[in-house]
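Taken together, the values in this text are just the output of simple stated rules run on the coordinates, not laboratory data. Keep in mind that this is a model prediction, so the values were computed, not measured. Ideal geometry is used to build each Cβ from the backbone, glycine not excepted, and the neighbour counts take in all protein chains shown.
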Amino acid sequence: MSVLVVGLSHRTTPVPVLERVAVADADRGKVLDQLLTAPSVSEAVLLSTCNRVEVYAVVETFHGGMNEVVEVLARQAGAEPADLFEHLYVHYSAAAVEHLFSVAGGLDSMVVGEAQILGQLRNAYNAADEQGVVGRTLHELVQHALRVGKRVHTETDIDHAGASVVSEALADAAAALGGLEGRTAMIVGAGSMGGLAAAHLRRAGIGDVVIANRTPANGERLATALRADGVRATSTGLDGLADEIAKADVLFACTGSVGTVVGAEHIGDRAPDRPLVVCDLGLPKDVDPAATLLDGVRVVDLETLQRRLSDAPTGQGTLRAAEIVAEEVRAYLAGQRSAGVTPTVTALRKRAAEVVDAELLRLDSRLPELPAPVRDELAKTVRRVVDKLLHTPTVRVKELAAAPGGAGYAEALRELFGLDPQAPSAVSTPHSTQPKGEKR
């Protein structure tokens, strides 16, 4: 079983295609269920953000697993698998580990170094774990990836400015309006992205903020937090969007909804002296695309940011982050190779213990009159001899297995001693009655 990554992101896929494949939180469970019903898939985590949709799966075979995952993604998009192939990237085994660690470190983000991906990855893992579709392999891999992300942000300045797609979108808004200080903003959506937008607006000196959310209590919670920081903030439902948008200079939308939340009729044309900047970071879009045709309205969306950020320069922090990712990938793979030989070592020690026990029983049958103290001392001596003989080869095989190509040493050990590490009970005696090739 190996780890497979199948995904689409801002690097390979036009935003309209990403919008079709994007998985809303409400649909995540359904998609995970579909993945786990696939014959080749035994574990799965689904990561769907504003600029990527990725499936991390433990699969029995590469081609079978890839085809099954692509079928699920295509079904989610209402498309044929062939429609997605030109946009997909696929990583397998060690390459899958490297990709996930790069994602966790912010190296694969639209805004390199953004820290939000760590929270998004953690949420994706928790959702899969709660649904019972995460096993040991993905648990260990994702937890290690989260540690890699934390290390990157601790040891480098890759996120020194707290950059994110939110901050970049609001920077465009500030440039278009000549600054955000004292202006009025409306945030549609009180989730993590809405909260991040509120924080950036507060730091920019925004005057008033209105939070519109489908669940009023969540909108009020964010408004209360802003008021505690000295910002004039109120909350509302989604039924009065037009009236509130008419008062705003900036509209920020990111709700996680499947369909359009803000229609062009909610916005309307704006006078030249009251322009509106719409920051739509929803995937799919939260704002009707027709808003781009309105007078006095400028729309900043993921496509806008994708074009502007595609050629962003690489700094020293990014280079150091890449070094950290490479180090962590080597360490993780070495650990997995070393752990992979453990069943063989366990089987060898079990075989040795069984042989010792058998010989001691044979000794009892030949010398039944042997005093108990003498027998115990003989048993201890024999076990010490066996332990000392096994110590160096078992320690060494773990060290050798940790190196690239080290799997051959464990295989040699299994061949030499006739071991089957997958069935410890079968190696307790020299012969097994289990048919060769049968799944254990």
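Quick look at the numbers
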{"read-out": "Sequence ranges 241-249, 97-105, 267-275, ranked by mean other-Cβ count within 10 angstrom, highest first", "value": "97-105, 241-249, 267-275"}
{"read-out": "Stretch gain in nm, segment Met1-Asn126, where the contour uses 0.36 nm per residue and the Cα spacing is subtracted", "value": "42.8 nm"}
{"read-out": "Stokes-Einstein D (µm²/s) once Rh is taken as the Kirkwood radius of segment 2-155 over alpha-carbon pairs, at 25 °C in 0.890 mPa s", "value": "162"}
{"read-out": "Other-chain or far-sequence residues with amide H under 5 Å of Leu251's (modelled H)", "value": "Met186, Val277, Val278, Cys279"}
{"read-out": "Segment 165-309 - charge dipole about Cα centre, Lys and Arg +1 at Cβ, Asp and Glu -1, debye rounded to 20", "value": "420"}
{"read-out": "Rounded to 10°, Cα long-axis angle of helix 216-228 versus longest principal axis of the chain", "value": "80"}
{"read-out": "Extended-chain gain in nm, criterion 0.36 nm per residue less alpha-carbon gap, Lys150 and Arg75", "value": "23.5 nm"}
{"read-out": "Alpha-carbon centroid distance for the pair segment 230-246 / segment 291-306, whole angstrom", "value": "21"}
{"read-out": "Relative contact order of segment 264-415, defined on C-alpha pairs under 8 angstrom at six or more residues apart (%)", "value": "22"}
{"read-out": "Given charges at Cβ of Lys, Arg, Asp, Glu: the chain dipole, positive-most of Ala242, His10, Val69", "value": "Val69"}
{"read-out": "Förster-model FRET efficiency, 30 Å R0, Lys388 and Ala331, C-beta, rounded to 0.05", "value": "0.45"}
{"read-out": "Residues whose placed amide H lies under 5 Å from that of His87, excluding near-sequence neighbours", "value": "none"}
{"read-out": "Ranked by how many other beta carbons lie within 10 Å on average, peptides 128-134, 365-371, 205-211 from highest", "value": "205-211, 128-134, 365-371"}
{"read-out": "Computed E for Ala290/Phe62 - FRET, C-beta separation, R0 56 angstrom, nearest 0.05", "value": "0.80"}
{"read-out": "Protection proxy ranking of 251-262, 113-124 - average other beta-carbon atoms within 10 Å, highest first", "value": "251-262, 113-124"}
{"read-out": "Alpha-carbon centroid distance for the pair segment 48-70 / segment 314-371, whole angstrom", "value": "31"}
{"read-out": "In Hz, Karplus ³J(HN,Hα) per residue of segment 344-358 (6.51, -1.76, 1.60; θ = phi - 60°; x = Gly, Pro)", "value": "5, 5, 4, 5, 5, 5, 5, 4, 5, 4, 5, 5, 4, 4, 5"}
{"read-out": "Between 0 and 90°, nearest 10: helix 25-36 axis offset from the chain longest Cα axis", "value": "30"}
{"read-out": "Acute angle (nearest 10 degrees) that the helix 372-402 long axis makes with the longest principal axis of the chain, alpha-carbon atoms", "value": "40"}
{"read-out": "Mean Cα-pair separation over length for segment 327-427, i.e. relative contact order, pairs under 8 Å, 6 or more apart, %", "value": "50"}
{"read-out": "Estimated FRET transfer efficiency (Ala379, Ser93; beta-carbon r; R0 45 Å; 0.05)", "value": "0.50"}
